[in-house]
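Input: a single structure, listed below in structure tokens.
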Amino acid sequence: MGAKFYRCARAHLVLKCDTVNVVGVGLGIAGKPMRRRDFITLLGSATAAWPLGARAQQPSQIRRIGVLISVSEADPEGQRSVQALLQGLQDLGWKPGTNLQVDIRYGDGNRERIAAVAKELVAAQPEVLEVETTPGTAAVLKETHTIPIVFTSVSDPVGAGFVQSLSHPGGNTTGFINIESSIGGKWLQLLKEVMPQVTRATVLFNLAAAPQADYYRRAIEAAAPPLAITTRMALVSDMVAMEKEIVATAQDPRAALIIGPDAFTFVHRFQIVALVNGANVPAVYPLTPYTVAGGLLSYGSDLPDLHRRAAAYVDRILKGAKAADLPVQLPTKFELAVNLKTAKALGLTIPASLLATADQVIE
């Protein structure tokens, strides 16, 4: 005899069998009185027939999310981002291995690899995906338009076609912008402060990793005339082309570089900084890790902070919110970092006013 148990509005235990109904403890089959001992015997045998899945239900179901980090697993900045996300989730009550399963994949800064791990993550059917960078978000959206996606480190989600608008994303995607376009003018101003004689600036982006390059170009070009600087956007496809642009810029002693924010320049930041410093060219970078790697100075958002904030959106989606209804958020935490050792090697003196406002000074 198959049997199932239900609890009614009055909290009476109801046993529904194939041929009889027994409600409460006072009635037996066909309405006849049932002794308590007989009922307990019936209850025990019915429980044995109760489907295992129903008996095994837990009050806290293990939920599943997928995470795509664009850099390699060995990159300490990638680990910082992962730890920030996990800490943010833990602060909200989500504990990996207890009530949350987290599948993490690393893209190694390679578009083919990013596409492959995006496919893996989507195939696992997580409830939410947390993804970083424009290439990473594009790769995941190529695989799914149903699984909710929370992105970080995306500069222009509207221009990239990820969302309809910042306030009303629509679709299955929302997230956190890493750098506003207006920051392009700030980079140019910083160059002028540390190198007053600068008259030309080359802006370097990777062609494949930075479809958002034009997003910054307008702000940089708008800020250039008042500073008496001419600018040129250079889109490069690999490190060979990057080196050629750096060497060419170094031919003019009044020229400097702006290294654009994209996944390619971030992954290759140590090589790029070494080439720039080797060519004796002042440069401003978009994020603190470039300055830690030896770059002259940087100004940009705190990437781990974006992942920490993204945890709140993952939490809300797991609790029933829709990505389409969660507005895209702008960065709230910016860092100015200065490397005095590099400045000295370049023969530059960092103004005291700039040092006073720096969040990190590397000596």
Subject >> Derived scalar couplings ³J(HN,Hα) [segment 345-355; Karplus, 6.51 cos²θ - 1.76 cosθ + 1.60; whole Hz; x for Gly, Pro] >> reply: 5, 8, x, 10, 10, 7, x, 4, 5, 6, 5
**OP:** Using a cut-off of 12 Å between beta-carbons, work out the net charge of the residues near residue 239 (Lys and Arg +1, Asp and Glu -1, residue 239 not included).
**Re:** -1
Subject >> Per residue value of the accessible surface for segment 262-363 (all protein chains in place, 1.4 Å probe), Å² >> reply: 40
**OP:** Pull up all non-local amide H partners of residue 203: gap of 5 or more, or a different chain, and H-to-H distance under 5 Å with H placed in the peptide plane.
**Re:** 232, 233, 234, 258
**OP:** Restrict the search to segment 214-321; then list the trypsin sites (Lys or Arg not before Pro) that DSSP places in a loop and that have at most 16 other Cβ atoms within 10 Å of their Cβ.
**Re:** 254, 319
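Given a 1.4 Å probe and heavy atoms of the protein chains only, how would you sort 216, 106, largest accessible area at the top? Spell out each step's value before the answer.
Numbers: 216 0, 106 25 Å².
If we order 216, 106 from most to least accessible, we get 106, 216.
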**OP:** Would you mind checking which residues have amide H under 5 Å from residue 283's amide H? H placed 1.01 Å from N; only 5 or more apart, or other chain.
**Re:** 257, 296, 297
Original post:
With Cβ to Cβ distances under 12 Å as the rule, what net charge do the other residues near residue 224 carry (K, R +1; D, E -1)?
Top reply: +4
Original post:
How much of residue 104 can a 1.4 Å solvent probe reach, expressed as accessible area in Å² and rounded to 10?
Top reply: 50
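Using a 1.4 Å probe on the protein chains only, how many percent of the accessible area of segment 75-152 belongs to carbon and sulfur? Walk me through the intermediate numbers first.
Numbers: 1660 of 3440 Å².
The value for segment 75-152 is 48 percent carbon and sulfur by accessible area.
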**OP:** Kindly write out, for segment 258-272 in residue order, the coupling ³J(HN,Hα) from the Karplus curve 6.51 cos²θ - 1.76 cosθ + 1.60 (θ = phi - 60°), rounded to whole Hz, with x marking Gly and Pro.
**Re:** 10, 8, x, x, 8, 4, 5, 5, 5, 4, 9, 4, 5, 5, 5
Subject >> Note, ³J(HN,Hα) from phi for segment 245-251, Karplus 6.51, -1.76, 1.60, rounded to Hz, x at Gly and Pro >> reply: 5, 5, 5, 5, 5, 5, 5
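Taking only protein heavy atoms and a 1.4 Å probe, what accessible area per residue, in Å², does segment 77-183 have with all protein chains in place? Walk me through the numbers on the way to the answer.
Working: 4400 Å² over 107 residues.
I get 41 Å² per residue for this part.
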**OP:** Using only Cα atoms, figure out Rg for segment 56-157 and give it as a multiple of 2.2 N^0.38 Å.
**Re:** 1.07
**OP:** Name the residues whose placed amide hydrogens come within less than 5 Å of the amide hydrogen of residue 63, ignoring near sequence neighbours (fewer than 5 apart) on the same chain.
**Re:** 100, 101
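I'd like the antiparallel share, as a percent to the nearest 5, of DSSP beta bridges with both residues in segment 185-309.
0
The values are calculated or read from the model by the stated rules, or taken from the named source; none is laboratory data. It should be emphasised that the depicted structure is a prediction, and the values quoted were computed from it without experimental measurement. When we count neighbours, we look across all protein chains shown, and the Cβ atoms used for this are built from the backbone with ideal geometry, even at glycine. When the accessible area is computed, the model is the full protein with side chains, heavy atoms only, and any ligands, DNA or RNA have been set aside. Shrake-Rupley method; radii C 1.70, N 1.55, O 1.52, S 1.80 Å.
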